[in-house]
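Just so it is clear, none of the values below were taken in a lab; they were calculated from the coordinates. If you're wondering where the values come from, they're calculated on a predicted model, not measured in any experiment. Methodologically, a virtual Cβ is constructed for each residue, glycine included, from the backbone with ideal geometry; neighbour enumeration extends over all protein chains shown.
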Amino acid sequence: MVALEFHQYETSQKDPLNPYLWNGLRILFWFGTYCLVLFVLNFIH
């Protein structure tokens, strides 16, 4: 119920690209963190 209301709130915003933009930023953030962790682990070993 809350998720449905939140979804309706998201789609009623002025900028429809906002959720897609935040999804992309979140994916880029996690990808960067993953690469950083791999780099640090390789540097330690």
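Quick notes
- Across the range 20-25, computed HN-Hα scalar couplings (Karplus, 6.51 cos²θ - 1.76 cosθ + 1.60, θ = phi - 60°) run 5, 5, 5, 4, x, 5 Hz from first to last residue, x flagging Gly and Pro.
- Under 16 Å from a label point set 7 Å out along the Cα-to-Cβ vector of residue 42, the amide N atoms of the range 19-34 belong to 31-34.
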